[in-house]
Ligand SMILES: *Cc1c(COP(=O)(O)O)cnc(C)c1O
């Protein structure tokens, strides 16, 4: 990527305290290696749209049907975001108003479920998201849940097991998608299982939306009823989310026979007025910009490069004796079980942080340690790929990770590695600072 400007003349003048912190965060990003797989670097164009006067407008409602005046321009912005998203994901209906991934999932459930209905989703401990039915989350408090895990032998999704569970629990919705799963999802199979028990199928593609848009992961369409996604992960847009769905409610007779709404209308009504107030139109403008970027041919190269980079990193790490859950990766992320390296997830995260490499500790399937200090770490390539790192640099990054883990108690060595990380980052600058 090109080095970008961080325009903040007014901020510098009016609030030097916050301005200094913005500078410090930009430097941290610039001179460190960001390997958290849910993070990315949005373009200056995306950030400029977010910092625009669109921030100041109230627009409750939907384009051409607002509860406030003055929305002539805003309507066009939101319509453009919707049209571009439809083109990008080849779906029938899109709602671009969800504030973030968790509220998008809340709206999706609110659209089709009643409190007490059953959600089936992947357990958090196996890589699912809190909003897929975890007991501390609204999704586990408001609804009954059935949580599926991964195969103990392979670390992969066991579709036969999910089918068996679906028959037993008779969920009203089956959710696919995860935050820490390094393999491809078979969305068709998920939808067939859902259909066989009369459940809605939902795919939460928050992590992999950019891979789907870039054509390196199969699409949940046309199989899936409802698809939610964040826009700030592999899709590389503003922090935010959207919901996509088919127009028709295939289960209308079974669940909503008396309702006059189709699925698209149910989703829209769940987002507003069901859950949210005024949409964040500056964020929606930035989503439109990001979708425009993702529609360009270069984005396909970007998505393919994310996967290539993850593949070479995983190969080197395996060579160095790391135990990758599922034995590798098909996508943008790797989950590493550190048990054989005699280091915990927390210790590894801390040592890597000292070396300027940002990852997060993560539970591995069937982890026996506590979530506060689990057995694994999760890392991924979306952000470093945006910076321009290719296979050869990713091999080097994997070697730096190995060196850090092997020397995690050696402060001197960690300082040395920090310097190597800085040198690498200096060749791939993000900002004019
Ligand atoms: C990140 C993520 C979310 C939540 O998104 P937020 O914007 O953090 O609320 C939901 N589902 C999955 C699978 C995710 O990875």
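When 62, 31, 68 are checked against the criterion of being surrounded by 13 or more Cβ atoms within 10 Å (Cβ to Cβ) and either outside the structural domain of residue 311 (by TED's automatic domain parsing) or within 16 Å of the ligand (Cβ to nearest atom) (or both), a single residue qualifies: 62. For the stretch 364-375, check the following and say yes or no: at least one residue is surrounded by 16 or more Cβ atoms within 10 Å (Cβ to Cβ) and under 28 Å from residue 430 (Cβ atoms). No, the stretch 364-375 contains no residue that is surrounded by 16 or more Cβ atoms within 10 Å (Cβ to Cβ) and under 28 Å from residue 430 (Cβ atoms).
Of the strands (runs of 3 or more DSSP E) that lie entirely inside the stretch 69-164, those containing 1 or more residues that are closer than 30 Å to residue 292 by Cα and in contact with a helix residue (DSSP H, G or I) (Cβ under 6 Å, 6 or more places away or on another chain) span 93-95. Test residue 198 against the stated conditions and say whether it is touching a helix residue (DSSP H, G or I) at 6+ places or on another chain (Cβ under 9 Å) and in a loop (DSSP other than H, G, I, E, B). The answer is yes for residue 198.
For the stretch 249-266, the count of residues that are touching a residue at least 40 places away in the same chain (Cβ under 8 Å), buried (at least 24 other Cβ atoms within 10 Å of the Cβ) and in contact with a strand residue (DSSP E or B) (Cβ under 7 Å, 6 or more places away or on another chain) is zero. Which residue is surrounded by the fewest Cβ atoms within 10 Å (Cβ to Cβ), if the candidates are limited to the stretch 300-341 and must be on the phi > 0 side of the Ramachandran plot and in contact (Cβ under 8 Å) with a residue 60 or more places away in the chain? Once the filter is applied, the top-ranked residue is 327. The number of residues in the stretch 90-110 that are touching a strand residue (DSSP E or B) at 6+ places or on another chain (Cβ under 9 Å) and more than 16 Å from the ligand (Cβ to nearest atom) comes to 4. Counting only residues that are away from the ligand (no atom under 13 Å from the Cβ) and either closer than 21 Å to residue 298 by Cβ or part of a loop (DSSP other than H, G, I, E, B) (or both), the stretch 213-268 holds 26 of them. In the stretch 416-433, of all residues being exposed (fewer than 15 other Cβ atoms within 10 Å of the Cβ) and free of Cβ contacts under 8 Å to residues at least 60 places away in the same chain, the one that is nearest to the chain's Cα centre (by Cα) corresponds to 427. Do we have any residue at all in the stretch 195-203 that's over 21 Å from the mean Cα position of the chain (by Cα), buried (at least 18 other Cβ atoms within 10 Å of the Cβ) and either on the phi > 0 side of the Ramachandran plot or more than 16 Å from the ligand (Cβ to nearest atom) (or both)? Within the stretch 195-203, one or more residues are over 21 Å from the mean Cα position of the chain (by Cα), buried (at least 18 other Cβ atoms within 10 Å of the Cβ) and either on the phi > 0 side of the Ramachandran plot or more than 16 Å from the ligand (Cβ to nearest atom) (or both). Inside the stretch 386-407, residues that are surrounded by fewer than 20 Cβ atoms within 10 Å (Cβ to Cβ), within 26 Å of the chain's Cα centre (by Cα) and not in a helix (DSSP H, G or I) make up a count of 2.
The values are calculated or read from the model by the stated rules, or taken from the named source; none is laboratory data. Just so you know, these numbers come straight off a predicted model, no measurement behind them. Backbone-built Cβ (ideal geometry, glycine too); neighbour counts: all protein chains shown.
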